[in-house]
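Scroll down for the structure; my scribbles are underneath it.
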């Protein structure tokens, strides 16, 4: 009975989605727009792809800005400029996790948050910017774009095949036909047989859509006052802490790097960590090093010297991506 209700609600959700898509009027900004999104809920590697797309646009001579909704941030007047490309102008509580992380990583790229991405985009010409990267834009029907990039998590690309709430899909997998490019992320976290099946499925369903794969690996271990190499943690007692959509991917990346962990404290995605929670964890493992994701690190109390984050490095075909982006 519970499964039937879930599937029935999924049908209602999908009909509502299509209706919303049909009645929404698309507006066009006076410059190119590149959307980076997904067809499933959280954990697809969208934020790292937004970052590398911005870096490649810079290399092509563009002056980009990221337009983001700023999920689960505290309310402020909108649109809000998180970074002007030179200075970070907001706190993570008001920017949201992903925009703040992008602001820390990207120089010469403005980060702007607001529910109305069209209004946010109107700020770009006065800032000397000439292209927008629309964060989480695949289901943002109100804005026309020149490229639609869709991210898939290779470890769980489609879930059970159902849309929300019975499954993890925000749209049916057939929606991939609207994409101009698919990023297949975390490809090194699955074996060759799974890769071959996934490529076969994509080539059969969307034969004309190019696919770029990314491999995730830990570059460095970063703390408040020091940086460590992965080898520095190999023989240490390591405890993981995370508040992300797919913690199992974090675990796999850590293990593949050669780090063994004794415990993983998993919290809900975008969890706001309380000091009492952390103190309790520290008491349970007094001699451990605590490793988290970079996104979580800025929501954890970084005053603790025992908390480090794993800085990831993505391997991908840079030249191919540049060819598939708008040319200056």
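The values are calculated or read from the model by the stated rules, or taken from the named source; none is laboratory data. Just so it is clear, the model here is predicted, and its values are computed rather than measured. Please note: Cβ atoms are built from the backbone with ideal geometry, for glycine as well, and neighbour counts cover all protein chains shown.
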| Which of the residues belonging to segment 106-148 are surrounded by fewer than 17 Cβ atoms within 10 Å (Cβ to Cβ) and not in a loop (DSSP other than H, G, I, E, B)? | 119, 125, 126, 127
| query | Being in the same structural domain as residue 49 (by TED's automatic domain parsing) and within 26 Å of residue 179 (Cα to Cα), is that true of even one residue in segment 70-92? | reply | yes
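State whether one or more residues within segment 92-101 are in a loop (DSSP other than H, G, I, E, B) and more than 26 Å from residue 242 (Cβ to Cβ). Please lay out each step first, then the result.
Residues of segment 92-101 that are in a loop (DSSP other than H, G, I, E, B), as a first pass: 96.
This time we only want the ones that are more than 26 Å from residue 242 (Cβ to Cβ), so: none.
No, there is no match, as no residue in segment 92-101 is in a loop (DSSP other than H, G, I, E, B) and more than 26 Å from residue 242 (Cβ to Cβ).
What number of residues within segment 249-287 satisfy the criterion of being under 18 Å from residue 229 (Cβ atoms) and surrounded by 15 or more Cβ atoms within 10 Å (Cβ to Cβ)?
So the first thing to find is which residues in segment 249-287 are under 18 Å from residue 229 (Cβ atoms), and the list is 253-261.
Still in the running and surrounded by 15 or more Cβ atoms within 10 Å (Cβ to Cβ): 253-254, 257, 259, 261.
Going through segment 249-287 one residue at a time, the tally reaches 5.
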| field | Residue that is surrounded by the fewest Cβ atoms within 10 Å (Cβ to Cβ), among those in segment 60-70 that are part of a loop (DSSP other than H, G, I, E, B) and in contact with a helix residue (DSSP H, G or I) (Cβ under 7 Å, 6 or more places away or on another chain) | value | 60
| message | Please determine whether any residue of segment 303-312 is more than 25 Å from residue 55 (Cα to Cα), at pLDDT below 95, touching a helix residue (DSSP H, G or I) at 6+ places or on another chain (Cβ under 8 Å) and surrounded by fewer than 19 Cβ atoms within 10 Å (Cβ to Cβ). | response | yes
| Criterion violated by residue 145 - all others in (1) touching a helix residue (DSSP H, G or I) at 6+ places or on another chain (Cβ under 6 Å); (2) at pLDDT 95 or above satisfied | (1)
| field | Single condition residue 227 does not satisfy, out of (1) at pLDDT 95 or above; (2) surrounded by fewer than 16 Cβ atoms within 10 Å (Cβ to Cβ); (3) in contact with a strand residue (DSSP E or B) (Cβ under 7 Å, 6 or more places away or on another chain) | value | (1)
| What number of residues within segment 151-191 are over 16 Å from the mean Cα position of the chain (by Cα), assigned to a loop (DSSP other than H, G, I, E, B), more than 17 Å from residue 208 (Cα to Cα) and touching a residue at least 60 places away in the same chain (Cβ under 8 Å)? | 9
| Residues within segment 79-91 that are in a loop (DSSP other than H, G, I, E, B) and either closer than 17 Å to residue 133 by Cβ or touching a strand residue (DSSP E or B) at 6+ places or on another chain (Cβ under 7 Å) (or both), tallied | 5
